[in-house]
Amino acid sequence: METALWHPFSDMAVVRDSEFVLERGEDVWVYDTDGNRYLDAAASLWYVNVGHGRTEIADAAAEQMRKLAGYSIFADFTNEPARALAARLAELAPLPDAKVFFTGGGGEAVDSAVKIARRYHAAQGEPSRVHVISRENSYHGTNGIGTGVAGIEANRTGFGEILPSSSRVPFDSVDALRAEILRVGPENVAAFLFEPVIGAGGLLPPPEGYVRGVIDVCHEYGVLAIADAVICGFGRLGTWFAVERWDAEPDLITFAKGVTSGYLPLGGVVAHGRVAEPFWSRPGNTLRHGSTYAGHPAACAAGLVNIDLLERERLIERGQALEGTLAGALNPLASHELVADVRAGLGLLGAVELTPDVLECLPSAVTDLHLLVRQHGVVTRTLGKAVAVSPPLTIEPEQIHQIGAALAAGLDELALKL
Ligand code: PLP
């Protein structure tokens, strides 16, 4: 039966006849409707950090739904799970006197962070600071602002101009950020938005000194630094909010995905106490922004248990402890004739990029490789010129080697198609 489901970011002319329907999951494994088992090397969309099938999370969410399914947290309303999760995140965050603003997901978190930054400057008497700078190749979701600042050009084009007061800088240069702030005029710049490791744009780790460097430049010019940790948080890099890897202190941090390991949708922004201060101390200075499901009690209850699991099973540390194993499994692929580059070694994130020749000769090569690897029982993710992996943090070293072996087999089979 033809599907009525319009898949995001998908070529429906192709996908309409070839859906891959998953039915259940257990730890690092997922099963399709024919009962075939796959190693979920993508953790769905970079988010099932504690693995699939955690009944503790499902039970907590169900219990909360039976008690109080939902209620908005606008004005003075709130609920216990939202208060408790905010307190827990504020304590874990590497920002002093942190405050937590909840959203329904990562894209909403990005738009919220930028709006907070603009309103912060206005409250500080600098309403001209509206310009937002982002990095080429970056991905910040598909809401209005996230689309407007997108560093992946294809995601920005075709929609008309969404955010005129924005610009992009090369992703690997601190000096380029400084030059752009000076070009636009510091008095006009609200924020610099950056992913600590660029994810969807190709899995690009920051150059040495980059994260601390860009935050220092921002602070030199009164610009707020927003770290988008939607992918990199909750253990993906071996830390809670990614930036601890560089001992860095941005002004705002966005999060989503790993906060609930995707068991229910939830995202948010952690704000440095200094940024929250004008809103928290001045009556009448209301942030007129927020969504219906912010602080949804069932999602927050799921988040609380997810954080317990990450702590109790020391999964955050595993994101770093296993990075060398992942690099060891993927690096040998660099010598394959079809491979231009292998990027691995920072957290449980890895990418295998194909050569320009392969991509030119076979435009579908990345998707083909992803499908060939799936036939070897491993689910990966396509990323432009590369296939990426970001497995659950519960993965065992031998399973990481299984990912490497499936990729190697897929590459050999791809070579036969050329
Ligand atoms: N920011 C980053 C860095 C992301 O990778 C994503 C999603 O992958 C988002 C924002 C958007 O999150 P969501 O898809 O939950 O809106």
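A short reminder: the numbers here are calculations on the coordinates, not readings from a lab. Everything quoted here is computed from the prediction, not taken from an experiment. Neighbour counts run over all protein chains shown; Cβ positions are idealised from the backbone, glycine included.
Overview of values
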quantity: Scope segment 181-193; condition closer than 30 Å to ARG343 by Cα and in contact with a Ser or Thr (Cβ under 7 Å, 6 or more places away or on another chain); matching residues; calculated: LEU193
quantity: Answer from LEU349, LEU326, LEU372, LEU330 - the residue that is outside any loop (DSSP other than H, G, I, E, B) and over 25 Å from the mean Cα position of the chain (by Cα); calculated: LEU372
quantity: Where VAL214 falls short, out of the listed (1) outside any helix (DSSP H, G or I); (2) within 16 Å of the ligand (Cβ to nearest atom); calculated: (1)
quantity: Qualifying residue in segment 56-65 (condition: of a type in the set (Asp, Glu), under 19 Å from the mean Cα position of the chain (by Cα) and either away from the ligand (no atom under 16 Å from the Cβ) or assigned to a helix (DSSP H, G or I) (or both)); calculated: no
quantity: Residue among SER72, SER112 that is within 16 Å of the ligand (Cβ to nearest atom), surrounded by 15 or more Cβ atoms within 10 Å (Cβ to Cβ) and not aromatic (Phe, Trp, Tyr); calculated: SER112
quantity: Selected residue [out of contact with any Asp or Glu (no Cβ under 7 Å at 6 or more places or on another chain) and either within 14 Å of the ligand (Cβ to nearest atom) or touching a residue at least 40 places away in the same chain (Cβ under 8 Å) (or both)] from GLY158, GLY202; calculated: GLY202
quantity: Selected residue (criterion: farthest from the ligand (Cβ to nearest atom)) from residues of segment 264-288 that are within 22 Å of the chain's Cα centre (by Cα) and farther than 21 Å from LEU95 by Cα; calculated: LEU264
quantity: Condition check for ALA248: in contact (Cβ under 8 Å) with a residue 12 or more places away in the chain, assigned to a strand (DSSP E or B) and closer than 30 Å to ARG129 by Cβ; calculated: no
quantity: Boolean, LEU304 is in contact with a Leu (Cβ under 7 Å, 6 or more places away or on another chain) and within 20 Å of THR260 (Cβ to Cβ); calculated: yes
